[in-house]
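*Asks:* The structure's right below; bear with me while I get my questions together.
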Amino acid sequence: MTAPDTAHPAGWPDADRILAGVRPPAFPAVDFPITAYGAVEANAGPGIAAAIAACHAAGGGRVVVPPGRWHTTGIRLLSSVELHVSEGATLLFSTDPADYLPLVETRYEGLDLLNHAPLIYAHGCTDIAITGTGTLDGQGSWHSWWQWFNECDDEFRTLREQSWYGVPLEDRVRGTRLRSSFVQPYDCTNVLIEGVTVVRSPFWQIHPVLCRNVTIRDLVIDSQGPNNDGIDLESCRSVVVSGCVIDAGDDCIALKSGREADGLRVGVPTEDVLIENCELRVKYGAITLGSDLTGGVRNVYVRDCRIGGPYFALYIKTNAVRGGFVENVYLRDITVTDVLKEVVQCNFHRGEGETGPLTPSVRNVELRGVKVEHARNALLLRGYRHARIEDFRLVDCAFTVDQPSTVQHTALSFDNVTVNGRPVTDVHQIR
């Protein structure tokens, strides 16, 4: 069994198209220091809001947070505004839910609702940025946001039912125990998030939704509370993620597209994504597609990354309840020092398994030049009899593993692959 011609890796020229097409926004060279608008360290929220409003009204520029420890309520960005968090500056966000009112249109685990505003939020904006080398501190802990993890089951169940029954957004008012993301541009175009350190997030950390032309680079993300995904791209198009170091309480980088009935209704995939030169450490999937992928994910390129510590290097999560499609996923020149479970898991039988009404589709996935120093298993690939995983390829890969792989209902091919130093000439040697 062999892969396509290794001299011409299928799909990779498209990565250069994405890189060339995604351009960060530019802003007028005018600064709006928050101190000029009344911000003081003990209560910076009103001054930050006033500086953003003035910057926007003037046609754009840079709102500057100087060195210091600035206590703030929620921040809402406006078009043509760059929020610059200077070296030595820390924004400490309130943990009082009342400081994130009024409720806004957002998503919680792939479902649309009205909820507390994310700590930094923008809706329908063009040309926005968060830059600098300072710190965004959500002050999440088990005494504040994280305790909601154990208190939200009934509300989430209700939200899922509202989604299935088509309850309109205006009637899905929550704002109680469903946590909001830390940074969320929603339906925005031309987004830049660069340089900052993100710690103690309430929930998902960097979470663009329905955005286009997004650049995320050189972030340090270190927040390991419950479900603290690092970067979640949901129903976004044309995204470059580069140079990020991520220690997350859940998936490091997750690509999503809505869930179940809402995912079908909105129907916007995440597509044209390039991830490069990142270091992905803990906890679950380093690169995850799903599990909220009912709207589909396609054209994903991951190169020159280092992975060490999570459960999986590539984690594709779907089943007959989530459905959706995954197609054209390419990983190249990846070093995996250690994963606790499989290098790749794609298991249609996970969670609710085959009990739902939807049929997942996964096809055209390639790992090329992936070197694995240690893993429990190389692969866990399980499609359905009636819906196989199609065209899954391994090229120039080396795995050092403790246990055999599981491959069922999958069209797997390989070329120049070794497991524990021995060349693989038959699929049963991977199992």
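*Asks:* Are any residues in the range 341-355 surrounded by fewer than 24 Cβ atoms within 10 Å (Cβ to Cβ), in contact with a Ser or Thr (Cβ under 9 Å, 6 or more places away or on another chain) and part of a strand (DSSP E or B), and if so, which ones?
*Replies:* ASN347
*Asks:* Give the residue that is surrounded by the most Cβ atoms within 10 Å (Cβ to Cβ), with candidates limited to residues of the range 356-388 that are among the charged types (D, E, K, R) and not in a strand (DSSP E or B).
*Replies:* Let us first name the residues in the range 356-388 that are among the charged types (D, E, K, R), namely 363, 366, 368, 371, 373, 376, 382, 385, 388.
Now restrict to residues that are not in a strand (DSSP E or B): 385, 388.
Numbers: ARG385: 8, ARG388: 19.
Among those that are among the charged types (D, E, K, R) and not in a strand (DSSP E or B), it is ARG388.
*Asks:* Next up: May I ask you to say which residue of VAL209, VAL191, VAL196, VAL183 is closer than 13 Å to GLU105 by Cα and β-branched (Val, Ile, Thr)?
*Replies:* VAL209
*Asks:* Checking VAL321 against (1) on the phi < 0 side of the Ramachandran plot; (2) in contact (Cβ under 8 Å) with a residue 60 or more places away in the chain; (3) within 17 Å of the chain's Cα centre (by Cα), only one condition comes out false. Which one?
*Replies:* Failed condition: (3).
*Asks:* Still on this structure, I have one more. Does the range 303-340 hold any residues that are closer than 18 Å to ILE275 by Cα and either out of contact with any Leu (no Cβ under 9 Å at 6 or more places or on another chain) or not in a strand (DSSP E or B) (or both), and which are they?
*Replies:* First, pick out the residues of the range 303-340 that are closer than 18 Å to ILE275 by Cα: 303-308, 310, 312-316, 326-336.
The answer is ASP304, CYS305, PRO310, GLU327, ASN328, ASP333, THR335, VAL336.
*Asks:* Among the listed residues SER141, SER86, which satisfies the condition of being of a type in the set (S, T, N, Q) and touching a helix residue (DSSP H, G or I) at 6+ places or on another chain (Cβ under 9 Å)?
*Replies:* Working: SER86 fails: touching a helix residue (DSSP H, G or I) at 6+ places or on another chain (Cβ under 9 Å).
From the options SER141, SER86, the qualifying one is SER141.
*Asks:* Working carefully through the options VAL167, VAL173, find the one that is under 27 Å from LYS317 (Cβ atoms) and among the β-branched types (Val, Ile, Thr). Break it down into steps so the answer makes sense when it comes.
*Replies:* Numbers: VAL173 fails: under 27 Å from LYS317 (Cβ atoms).
Matching residue, one of VAL167, VAL173: VAL167.
*Asks:* Which of (1) more than 24 Å from GLN139 (Cβ to Cβ); (2) crowded, with 24+ Cβ neighbours inside 10 Å; (3) more than 23 Å from the chain's Cα centre (by Cα) is the odd one out, the single condition VAL63 does not satisfy?
*Replies:* Failed condition: (1).
*Asks:* Given the criterion farther than 16 Å from ILE48 by Cβ, among the aliphatic types (A, V, I, L, M) and modelled with pLDDT of 95 or more, identify the matching residue among LEU83, LEU119, LEU113. Lay out the reasoning, then the answer.
*Replies:* Working: LEU83 fails: farther than 16 Å from ILE48 by Cβ; LEU119 fails: farther than 16 Å from ILE48 by Cβ.
Testing whether each residue is farther than 16 Å from ILE48 by Cβ, among the aliphatic types (A, V, I, L, M) and modelled with pLDDT of 95 or more leaves just LEU113.
*Asks:* Could you check how many residues of the range 344-355 are of a type outside the set (S, T, N, Q) and within 20 Å of GLU327 (Cβ to Cβ)? Walk me through how you get there before you give the answer.
*Replies:* Step one: of the range 344-355, the residues of a type outside the set (S, T, N, Q) are 344, 346, 348-354.
Now restrict to residues that are within 20 Å of GLU327 (Cβ to Cβ): 344, 346, 348, 350.
Matching residues across the range 344-355 total 4.
*Asks:* Please enumerate the residues belonging to the range 135-175 that are part of a loop (DSSP other than H, G, I, E, B) and either in contact with a Gly (Cβ under 7 Å, 6 or more places away or on another chain) or of a type in the set (A, V, I, L, M, F, W, C) (or both).
*Replies:* Quick first cut of the range 135-175, residues part of a loop (DSSP other than H, G, I, E, B) only: 138-144, 151-152, 165-168, 172, 174-175.
Passing the criteria: GLY140, TRP142, CYS152, VAL167.
The values are calculated or read from the model by the stated rules, or taken from the named source; none is laboratory data. Every value quoted in this text rests on a predicted model; they were computed, and no experiment measured them. FYI the Cβ positions are ideal-geometry reconstructions off the backbone, even for glycines, and counts take in every protein chain you see.
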